[in-house]
Amino acid sequence: MSFHLTPAARTALRCYRGLARRTRTHVLLRWVTAPLAAVEAALPRTGQILEVGCGHGLLSLVLAAAESGREVHGIDIDVAKIHQANQAAAALEQDGRVSFAAVPSDWRPPASQTWDAVVICDVLYLLGAAAALDLVRACAASLRPGGMLVIKEIDTRPSWKYRLSRAQELAATRLAKITQGEVVRFVAIEELTATMEAAGLRTTRQQLDRGYPHPHLLLTGRLP
Ligand SMILES: C[S@@+](CC[C@H](N)C(=O)[O-])C[C@H]1O[C@@H](n2cnc3c(N)ncnc32)[C@H](O)[C@@H]1O
């Protein structure tokens, strides 16, 4: 768990002040329980970044608050979350460097727009393996030369951390209905890596679970 708020996290979390207590608590818990600072640090410091499955927009806001050279666009299938993300973005006072849009569940990055980086943070396990890998391919295809695809997922090891994460996500999707998604199926990291490599990306992986009860894992792929 991370109880340390980086300056960018402070700025981003302040943007939710006018929103419901439930949303404020959710984004704060998200910061505490997921290694978003490490995800932020893995992304380029300048350029146009797409966040797929941005939820309430916390990571997108952190990305923009951390570096003034970033322009961030977040998309999600959850219309209510996107509405709240837009409300928070309006409080960021960053000259429209952050924008959000609701999309259908089979959305893929359109060929008309390319990105310096695409980030997918804790989304793929909600799609089913085939759709998850298809989305990864489409995101890789939307990168500019030298661009990066950054994926934060849950590893299947150590197994007790994996079982805990799976139980929590089943509760979030089926009981609490906090998260929209088709399924809860964590995609094997080897499958993700192979798909990224087949798309021409050079990949690296980093375990980020130290100090967290969840087996967080960061996969980065860069186009040569
Ligand atoms: C656990 S949340 C992660 C939110 C955010 N990325 C973060 O790290 O804080 C997963 C998000 O994925 C979204 N999602 C589920 N299926 C999706 C799809 N097919 N396309 C885009 N987003 C999707 C959900 O609506 C939810 O907001």
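One line per residue, one yes/no per condition, for (1) small (Gly, Ala, Ser); (2) in contact with an Asp or Glu (Cβ under 6 Å, 6 or more places away or on another chain); (3) farther than 22 Å from LEU124 by Cα:
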residue	(1), (2), (3)
ARG17	no, no, yes
ARG22	no, no, yes
THR25	no, no, yes
ALA34	yes, no, no
GLN48	no, yes, no
SER68	yes, no, yes
HIS73	no, no, no
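Looking at (1) within 18 Å of GLU51 (Cβ to Cβ); (2) open to solvent by 50 Å² or more (accessible area, probe 1.4 Å); (3) away from the ligand (no atom under 16 Å from the Cβ), find the lone condition where ALA194 falls short.
Of (1) within 18 Å of GLU51 (Cβ to Cβ); (2) open to solvent by 50 Å² or more (accessible area, probe 1.4 Å); (3) away from the ligand (no atom under 16 Å from the Cβ), only one is false for ALA194: (1).
Does at least one position in the range 201-217 carry a residue that is part of a helix (DSSP H, G or I) and more than 17 Å from the chain's Cα centre (by Cα)? Please lay out each step first, then the result.
In the first step, residues of the range 201-217 are kept if they are part of a helix (DSSP H, G or I); the result is none.
No, the conditions are met nowhere in the range 201-217.
Can you confirm whether ASP155 is more than 25 Å from ARG22 (Cα to Cα) and touching a helix residue (DSSP H, G or I) at 6+ places or on another chain (Cβ under 8 Å)?
Details: more than 25 Å from ARG22 (Cα to Cα): yes; touching a helix residue (DSSP H, G or I) at 6+ places or on another chain (Cβ under 8 Å): yes.
Criteria met by ASP155.
So if I check each of ALA38, ALA85, ALA34, which one is closer than 23 Å to LEU135 by Cβ, of a type in the set (Gly, Ala, Ser) and within 9 Å of the ligand (Cβ to nearest atom)? Lay out the reasoning, then the answer.
Working: ALA38 fails: within 9 Å of the ligand (Cβ to nearest atom); ALA85 fails: within 9 Å of the ligand (Cβ to nearest atom).
Step by step, each of ALA38, ALA85, ALA34 is checked, and only ALA34 is closer than 23 Å to LEU135 by Cβ, of a type in the set (Gly, Ala, Ser) and within 9 Å of the ligand (Cβ to nearest atom).
Determine which single condition GLN113 fails, assuming it passes every other condition in (1) in contact with a Gly (Cβ under 9 Å, 6 or more places away or on another chain); (2) away from the ligand (no atom under 12 Å from the Cβ).
Condition not satisfied by GLN113: (1).
Looking only at the range 187-200, which residues are small (Gly, Ala, Ser) and part of a helix (DSSP H, G or I)? Break it down into steps so the answer makes sense when it comes.
First pass over the range 187-200, keeping only residues small (Gly, Ala, Ser): 188, 194, 198-200.
Within the range 187-200, ALA194, ALA198 qualify.
Would you mind telling me which numbered condition in (1) out of contact with any Gly (no Cβ under 9 Å at 6 or more places or on another chain); (2) away from the ligand (no atom under 11 Å from the Cβ); (3) in contact (Cβ under 8 Å) with a residue 12 or more places away in the chain ARG70 fails?
Condition (1) is where ARG70 drops out.
The values are calculated or read from the model by the stated rules, or taken from the named source; none is laboratory data. Model, not experiment: these values are computed from the prediction. Methodologically, a virtual Cβ is constructed for each residue, glycine included, from the backbone with ideal geometry; neighbour enumeration extends over all protein chains shown. Side chains are part of the model used for accessible areas, which takes the heavy atoms of the whole protein and leaves out ligands, DNA and RNA. Shrake-Rupley method; radii C 1.70, N 1.55, O 1.52, S 1.80 Å.
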